[in-house]
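Comments concern the structure below.
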Amino acid sequence: MVLENILVLAITFIIVVIATFIRFKGSELFNKWVLVIASFLVIEIYGLLIGSLYFGWAALLFIGMTVICFGLVGGLLSSALISLQLQLYQNESAIYLFVSFLVFAISLFFISKGIRSIKFESDRRLSSLLHNSKQLNVFREVSLSMQQTLHLEKLLQTILTSVTAGHGLGFNRAMILLMEDEGKKLRGKMGTGPMTVEEGFATWEEISRKKYELKELIQIKETEEATDRNLNDRIKRLEISLDQSSFLLKALDSGTPLHIKEFDQHDKTLMEFVREFTIIEMAVFPLINQGNKVGVLIIDNPVNKRPIADSDIDSVIPLANQAAIAIHHAHLYKKIEDMALKDGLTGLLNQRAFESKMEEYCRTECSEQFSLMMIDIDSFKHFNDTNGHLLGNQVLTQTAKVINDTLAEGQFAFRFGGEEFIVLLPNSDIEYASLLAEKIRENVELTNFPCGETQPLGRLTVSIGAASNAVRNSIQVQELLDTADKALYEAKRTGRNRVVIDKGVRLS
Amino acid sequence: MTGLTVICMLVIFVAVMVLSSRFFYNLELKSYTKKISKVLQLDILELSYSFDQMVYFISLPSNLAVISNARKEDVFIKCEYTSFYLPELVGIRIYIQSQQEDILLAYLPIKDFRLPKLDSLLEQGSINEAEYLKISMNKLIHPATLTEITEEVYKQLQVGKSEMYMGTKGGL
């Protein structure tokens, strides 16, 4: 008898080990069936080797497993099966046994249900904690990055990276369109993300391999000249009028996010968007600060095609609100900066900007060759006296425009005071300055100014003096200005509507 | 004697089932990944991943002595499974050991542990979500990954320490 008992325990051990090994090789249902069958085998072997003594108690193992694996139905069926078996082979009262087993099964069912509900509640709390913690992590990092700049481009890059990075909110792609023309149109500004699935996976692989953090990603995006060029080329071409109804206008007017899963074929702007960016689903967030509509943020998942959940939208809302504040502040800062550094009449940079530019330039590149030209409108006093100051102001604005339009990128025009302008030409020698000065003079001469014919030369003209630091080695900025001024004086003295260049022979 | 046998039988069945289930589950994950890796020509060690979905529960840098003075060997990881009898990996918890209690520092849920190579295979239809999950689970509980995660968490604690008064490190 002892041997049988030991044998039963040994077989139980072997069966449960084999069952545990096998059960993970299939689905969850397979796993459950293996457990139930294993428990059934164990009690049947017990019955074979030991007999009916305590079989009812042993059967609780089988009933218990069926309840755990298949709930109340499993418990009911197994109770019935065991009761029937005992009735058939041992002549015991089936009803009495069945009721006993059923009480056990129901009790176990409610205990396991209670445990499951505690576990479920705990999982739900963990999930909620994870979600909120992650969101706070993102806001903290993003707030710090936003605080560090008032530069619009950097700000937009920070917002977009925060929305798309895995460390951030993890969307595949995001783009920002900002208001222009006092809210009459939206212009595409910047985007982050791929245009194709392959492009998306390549970027994702790169980020994973290098294990970038959100802060690092923001820095990389800020320093890289052009990220996601393919997407940005398309975004920068976007110019959407808000005169006619569209999904963008709807989002801006309602002030709430728009989740678009099905496309309204009548919305031309939407259909154009969908075609251009191969969108399958998207969310549009209006960027509004204190009633000021600053733009829209658009997100989608073209790579992993993950559906945008309502909780995803909730995650973006605080970030979009924060972004709206930051963008609005950046606009205001730019406006103030422009007011401080730009001439209110002509829109050119002013004398303060010239001084600060020269200071900045000389700190880094003054050893490089550069040229200056000083431009003065000929007989401007006569023009004002003859035609009035209002027309004089108009002429100043028009002259500034001609000068500015003649310059290339990286060349700067300043209104120096009165009717005098300065042009700074980095990396330019005196020959180039001379050619450009001649071009400006000619363009002014060819421009139709109001009442230009009242001028002594029969049209409105300018005289230009140019100088370069290459001509006078290691010359100071003030000295160069004096030199250009002397050349200008020479141009005036020798008949006006002329360009005189400093050849390095007449500096007193 | 037989009554005792019944009790022992029940105990053996339940104990072996509960205590060995995680071992056999992990073994199966390993064996399954090995099999599928062969078919897909994947090297589990070479699969790149990022720490971007790891959620910190404690703000870094932290002034808590137990966090700021933590040594590398104080950082440890516990795998979290759904249940004892039907275990399935749901994530890993990263703790800092202290004399009073272990502090939960961060959590990485398996559903957010995404691997670009597998994402790409999933997109191509070479694997399904269930297969993806099994491979990523095996990758996450691989000793090399756990060591890397421990090092990363310790690095974050160090970075936090050096930037404590500069206010530039995130994490909650």
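Please treat every number below as a calculation from the coordinates, not as lab data. Remember, predicted model here, so these are calculated numbers, not experimental data. Quick reminder, even Gly has a Cβ in these numbers, built from the backbone with ideal geometry, and neighbours come from all protein chains shown.
Putting +1 on Lys and Arg Cβ atoms and -1 on Asp and Glu Cβ atoms, find which of B:Ala65, B:Met54, B:Ile110 reaches farthest to the positive end of the dipole of region B:2-162.
Looking along the dipole axis, the top candidate is B:Ile110.
Let me check I've understood the local charge: for B:Gln124, count other residues with C-beta under 12 angstrom from its C-beta, Lys and Arg +1, Asp and Glu -1. What total comes out?
Working: positive: B:Lys117; negative: A:Glu198, B:Asp119, B:Glu123.
Net of charged neighbours comes to -2.
What does the charge count around B:Phe24 come to, taking other residues whose C-beta lies under 12 Å from its C-beta (Lys +1, Arg +1, Asp -1, Glu -1)? All intermediate terms of the calculation are to be shown ahead of the outcome.
Values: positive: A:Arg23, A:Lys25, B:Arg22, B:Lys30; negative: B:Glu28.
Cβ neighbours under 12 Å give a net charge of +3.
Within straight cross-link reach of A:Lys268, meaning Cα distance under 25 Å, which lysines are found once same-chain residues fewer than 8 apart are removed?
Hits, sequence-local ones excluded: A:Lys184, A:Lys185, A:Lys189, A:Lys236, A:Lys250, A:Lys293, A:Lys305.
When the Cα atoms of the protein assembly as shown are enclosed in a convex hull and the volume is divided per residue, what value in Å³ results? Walk me through the numbers before you get to the answer.
Numbers: hull volume 150.9 nm³, N = 680.
Considering the Cα atoms of the protein assembly as shown, their hull volume per residue is 222 Å³.
Can you tell me which of A:121-127, A:145-151, B:109-115, A:447-453 comes out highest on packing, and rank the rest after it, using the mean Cβ neighbours within 10 Å?
Details: A:121-127: 11.7, A:145-151: 17.0, B:109-115: 18.9, A:447-453: 14.9.
Ranked by mean Cβ neighbours within 10 Å, highest first: B:109-115, A:145-151, A:447-453, A:121-127.
Dipole size in debye (nearest 20) for region B:2-162 around its Cα centre, Lys and Arg Cβ +1, Asp and Glu Cβ -1?
Numbers: 16 positive and 18 negative charges, 55 e Å.
The calculation lands at about 260 debye.
Hey, how much of the P(r) for region A:82-178 falls beyond 19 Å, as a percent of Cα pairs? Show your work: numbers first, answer last.
Values: 3122 of 4656 pairs.
Percentage above 19 Å: 67.
Which residue, chosen from A:Asn5, A:Gln147, B:Tyr81, occupies the Cα position most advanced towards the positive end of the dipole of the protein assembly as shown, where the dipole is computed from +1 (Lys, Arg) and -1 (Asp, Glu) charges on Cβ about the Cα centre?
Working it through, the farthest residue towards the positive pole turns out to be A:Asn5.
State to the nearest 20 debye the size of the charge dipole of the protein assembly as shown about its Cα centre, where the only charges are +1 on K and R beta carbons and -1 on D and E beta carbons.
Roughly 1300 debye for the protein assembly as shown.
Could you size up the charge dipole of region A:432-474 around its Cα centre, putting +1 on the beta carbon of Lys and Arg and -1 on that of Asp and Glu, and report it in debye to the nearest 20? Please report the intermediate quantities before stating the final value.
Details: 4 positive and 4 negative charges, 37 e Å.
Around 180 debye, computed over region A:432-474.
Using the basic label-point model (7 angstrom from Cα toward the beta carbon), what is the A:Lys185 to A:Asp243 distance in nanometres?
The answer from the label model is 1.0 nm.
No solvent, one uniform scatterer per C-alpha: report log10 I(q)/I(0) for region B:2-162 via the Debye equation at q = 0.13, 0.14, 0.20 1/Å, two decimals.
At q = 0.13, 0.14, 0.20 Å⁻¹ the computed log10 ratios are -0.73, -0.81, -1.22.
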